[in-house]
Amino acid sequence: MQRVKVLVVGAGVVGLSTAVCVAGKLPHCSVTVVAEKFSPDTTSDGAAGILLATEFPDIPLERQRRWFKESFDHLLAIADSPQAGDAGVYLSSGYHVFKDVPSKKKPYWADLVFGFRYMTDHEMKRFPNHKFGQAFTTLKCECPSYLPWLEKRFRVAGGQILHEKVTDLHKMALNYDAIMNCSGVGSRFLVNDEEVYPVRGQMLTVNAPWLMNFIRDGDGKTYIYPGVRYVNIGGTRQEGDWRMEVDKEDSEGILERCIRLEPSLRAAQVMEEWVGLRPGRANLRVEREYLSVQGRQVPLVHNYGHGGVGVTLSWGTALDALDLLRQSLCEKPPQARL
């Protein structure tokens, strides 16, 4: 049987998850990941990595719930395994606080995390500027560890890696039977999708080993996420902003807001400042089309536009992308190249 050559464009958490799913579930496929940047230089490397989702307006909630559950179950299995340390995946407990009571007090994923409950009045006294809070245990995935772990898993499954900037999918399709587009904000140029835009995120890494619980403001702009070796604090959500340079005013604002939430951070030493561009989109895109190349119909499966929930939904959307690829190969088997 002729091997089906599949190309995955992008090596962030979505791209590598998709590549691992295809390589692991479709053994008749030969899978190659191509990207200009790999860990530690991807946007995903700076992701806070806490599993906590926001809603996309036009995607059925059942589908979003399934994406979250599949990703949570996948990462929980890693957290419960001897691989947890190498993969950088573990349980994390904390607080999600709101300045005003949200219209929806209980998110769709509340029963998928552990111990979800509303915070007590006694607990809320720690956050005098907030009126409502949720407490729960979820998962944290440290991408500087998780991405190399995924890449290793991909290579073990027979996957190939190419360091190359992709600018023309039709050109790539000359040598592949199917393409998975996981290029994030790059899809604005690669597939001319003007619906995807950068959401600039700036974050600081600080040394504060006494912090054990995460704290996130409901507006999504202020968060404190303790990790194994450091604490991530942030952040910014600057839509349409392509700047990749560290902004000192942003750093000062981040520190000020986070100290307001957690006063002990005043004693923390800043270790690193980081900037990345999230792939913003009103609704993330997991769908299929075909490229016409020299009389062949090459399936093109899109999986991008996750915004700030790339880690949170990565495995679930990768499984959906895998299903679209599988359907494509069954419906339209690739024509043999002479």
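Can you give the calculated 222 nm mean residue ellipticity of the chain, where each DSSP H run of n ≥ 4 adds -39,500 (n - 2.57) and the sum is split over every residue, rounded to the nearest 500 deg cm²/dmol? Let's see the in-between values first.
Values: 9 runs with 99 residues, N = 338.
Roughly -9000 deg cm²/dmol at 222 nm, from the helical runs in the chain.
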Original post:
Of S264, S314, S328, which is the most mobile in a GNM of the chain whose springs link Cα atoms less than 10 angstrom apart?
Top reply: S264
Original post:
Going by alpha carbons, how many degrees (0 to 90, nearest 10) lie between the helix axis of 248-261 and the longest principal axis of the chain?
Top reply: 60 degrees
Original post:
Where in the stretch 101-175 are there GluC sites (Glu not before Pro) that are in a DSSP coil and have at most 15 other Cβ atoms within 10 angstrom of their Cβ?
Top reply: E164
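Kindly identify the stretch 31-87 as rounded, prolate or oblate by the Cα gyration tensor criterion: order the square roots of the eigenvalues as a ≥ b ≥ c, call it rounded if a/c is under 1.5, otherwise compare a/b with b/c, prolate if a/b is larger, else oblate.
Working: a/c = 1.92, a/b = 1.24, b/c = 1.55.
Taking the square roots of the gyration eigenvalues as a ≥ b ≥ c, the stretch 31-87 is oblate.
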Original post:
Simple spin-label model, 7 Å along Cα-to-Cβ: W210 to R66 in nm?
Top reply: 4.8 nm
**OP:** Answer with one residue from G159, S187, A173: the one whose Cα lies farthest towards the positive end of the charge dipole of the stretch 154-245, charges on Cβ with Lys, Arg +1 and Asp, Glu -1.
**Re:** G159
**OP:** Enumerate the whole-percent occupancy of each 20 Å bin, from 0 to the last occupied one, for all C-alpha pair distances of the chain.
**Re:** 31, 56, 12, 0
**OP:** With everything on Cα atoms, drop me the angle between helix 310-331 and the longest principal axis of the chain, reported from 0 to 90° to the nearest 10.
**Re:** 20 degrees
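Where both residues lie in the chain, what percent of DSSP beta bridges are antiparallel, nearest 5? Could you put the intermediate results ahead of the total?
Details: 46 of 67 bridges.
The answer is about 70 percent antiparallel.
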Original post:
GNM on the chain, C-alpha springs below 10 Å: top fluctuator among P27, P82, P209?
Top reply: P82
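Report, to the nearest whole %, how much of the accessible area of the chain belongs to carbon and sulfur atoms, 1.4 Å probe, protein only. Let's see the in-between values first.
Details: 7720 of 15450 Å².
Reported share for carbon and sulfur atoms: 50 percent.
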**OP:** Take the chain, connect every pair of alpha-carbon atoms lying under 10 Å apart with a spring to form a Gaussian network, then pick out the residue of M271, M212, M172 with the largest mean-square fluctuation.
**Re:** M271
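Can you give the accessible area per residue of the chain, in Å², using a 1.4 Å probe? Could you put the intermediate results ahead of the total?
Values: 15450 Å² over 338 residues.
Accessible surface, normalised per residue, equals 46 Å².
What size of dipole, in debye to the nearest 20, comes out for the chain about its Cα centre when the only charges are +1 on Lys and Arg C-beta atoms and -1 on Asp and Glu C-beta atoms? Before the final figure, lay out each step's value.
Numbers: 41 positive and 40 negative charges, 126 e Å.
Charge dipole of the chain: 600 debye, to the nearest 20.
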Original post:
What is the distance, in nm, between label points placed 7 Å from the Cα along the Cα-to-Cβ direction at Y108 and at Q327?
Top reply: 1.8 nm
**OP:** Report the trypsin sites (Lys or Arg not before Pro) located in the stretch 161-261 that are in a DSSP loop and have at most 14 other Cβ atoms inside 10 Å of their Cβ, or state none.
**Re:** K165, R229, R243
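How big is the Kirkwood radius of the stretch 254-338, worked out from every pair of different alpha carbons and given in Å to one decimal? Working shown, then result.
Values: mean 1/r = 0.0598 Å⁻¹.
Over the stretch 254-338, the inverse of the mean reciprocal pair distance is 16.7 Å.
The values are calculated or read from the model by the stated rules, or taken from the named source; none is laboratory data. Predicted model, so just to flag it, every value in this text is computed and none were measured. Positions of Cβ are generated from backbone atoms using ideal geometry, with glycine treated the same way; all protein chains shown enter the neighbour counts. Note: areas computed on protein heavy atoms with side chains; ligands, DNA, RNA excluded. Shrake-Rupley method; radii C 1.70, N 1.55, O 1.52, S 1.80 Å.
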